[in-house]
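The values are calculated or read from the model by the stated rules, or taken from the named source; none is laboratory data. Keep in mind the model is a prediction, meaning the values are calculated, not measured. Positions of Cβ are backbone-derived with ideal geometry, glycine not excepted, and every protein chain shown enters the neighbour counts. Ligands, DNA and RNA are stripped out before the accessible areas are found, and what is left, the full protein with its side chains, is counted by its heavy atoms. Shrake-Rupley method; radii C 1.70, N 1.55, O 1.52, S 1.80 Å.
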Amino acid sequence: MKDTKIVVNNKVGLHARPASLFVQEANKYSSDIQVSCKDPDSGENREANAKSILGILTLGVYQGMEIHIKAEGDDEEAAVSALVKLVEANFGED
Amino acid sequence: MELEFGGEYFPRPIPESAINRPGLALTGFFRHFSYRRIQVIGLAEFDYLRSLTAALRLERIREVCRRDIPCMVLTRNRHAIPELMSAAQEYQIPVMRSPMITSRFINAATIIMENLAAPQIRVQGTMVDIMGIGVLLQGPPGLGKSETALALIERGHSLVADDVTVLRRDSEGFVIGSAVQVTRYHMEIRGLGIIHVPSLFGVASMRSNMRLDLVIQMQPWDPAADMDRTGLNSETMTFMDVSVPLIRLPVAPGRDMAQVIEVAALNQKLKRMGHDAAKELDQKLVNVLTEKSRM
């Protein structure tokens, strides 16, 4: 298993456009990929499948929140590093 | 409509697909006379001509015919008066007669001429009417366009054209689809051959003309292909300078395409009514997320 934590720093967080880019990227890999985060208000731990758009949207990730990406499978390394790159690039937003 | 006389003068081109009532010309005012259009002699023109002396009547009608008008149409089933006959014969202008009143005739003839003159293309694709939404199914052969259309017909929707659809642009700027006359009402289903749709599913299963609202591009399932997962990015396809919304749908074994396309059509209808589910959800998310990050 490969995992990493990263802070989402784009303007609004994971709303539909960045989430769809994230899911699109995740779908290029065969590994099982999960994204989780901790709601700072309730302390609740939320987890979603990185290949499901509605799953990612229900995480409610806003600017400044940390997410935890976990991948398991043949291409786990590549999957995690590609997703991290996407988040670091702020999903190509200006 | 019937021929009054002058059938031997056909064929004659109609340079401008419109109608003109030559009332003003008959009074002797020929400036701006639209001689390139079909000339309609209605009740008013007839009555006015009757008020003139025979010599003047002939002179004015000759002036009209001399300008090489395409043809003349007499409405309300009136017959040609002798002066009209001789002037038209002199300049070889065919004259026709219609039982309609003038205004009706002008409307009907305008619509017919517009349709005849409308730009028209043939495209590969099957067109169906899904609850008032005209959907053109396109995609490589063997992907199941006809089978999907068949499943939609079984769900109570109507077929416009199978395999080859004729598209024309009407005067309001809409694209209208219809079938090629010869193969109309027929479908080809691989393994079955040609079937006659209204015999099997009733007359309600056919629709002859339908406005095109949505193009569905069926394509083979490719997990690596970048696919719009939100429906936020709207694509369009252009036919004769008119753009029509386009949706790309991947086909996979076991995926009920008829059901998915039915939903796509309904969603299109909803968008046209001003509700875009993807945009509305995104706006809701943006609001919630922005508010939270400010706290």
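Listed values for region B:162-170 are Karplus-derived 3J(HN,Hα) couplings in whole Hz (6.51 cos²θ - 1.76 cosθ + 1.60, θ = phi - 60°), namely 10, 6, 10, 10, 8, 10, 10, 9, 8, and x replaces Gly and Pro.
Projected onto planes of every orientation and averaged, the convex hull of the alpha-carbon atoms in region B:2-107 covers 5.9 nm². Accessible area per residue for the protein assembly as shown is 52 Å², calculated with a 1.4 Å probe on protein heavy atoms, without ligands, DNA or RNA. When a 1.4 Å probe is rolled over the protein heavy atoms, the share of accessible surface on the protein assembly as shown that falls to carbon and sulfur comes to 51 percent.
If you average the sequence gap of Cα pairs under 8 Å that are 6 or more apart and divide by the length of chain A, what percent do you get for the contact order? Numbers along the way, then the final one.
Numbers: 174 pairs, mean separation 42.2, N = 94.
Relative contact order for chain A comes out at 45 percent.
Does any residue of region A:46-94 lose at least 30 Å² of accessible area with all protein chains in place compared with its chain alone, and if so which ones (probe 1.4 Å)? SASA drop of 30 Å² or more in region A:46-94: A:ILE53, A:LEU57, A:TYR62. Think of region B:120-277 as a dipole: +1 on every Lys or Arg Cβ, -1 on every Asp or Glu Cβ, centred on the Cα centre; then among B:LEU159, B:VAL215, B:THR126, B:LEU159 lies furthest on the positive end. Computed over neighbours whose Cβ is under 10 Å from that of B:ASP170, the net charge equals +1, Lys and Arg +1, Asp and Glu -1.
Under a Gaussian network description of chain B, with springs only between Cα atoms under 10 Å, the residue in B:ALA18, B:ALA179, B:ALA278 that fluctuates furthest is B:ALA278.
When the Kirkwood radius is taken over all Cα pairs of the protein assembly as shown, what Stokes-Einstein diffusion coefficient follows at 10 °C and 1.306 mPa s, in µm²/s?
60 µm²/s
Placing +1 on the Cβ of every Lys and Arg and -1 on the Cβ of every Asp and Glu, with no other charges, gives region A:2-92 a dipole of roughly 360 debye about its Cα centre. Evaluated over chain A, the count of Lys pairs having alpha-carbon atoms less than 18 Å apart is 16 (only pairs 8 or more residues apart or interchain).
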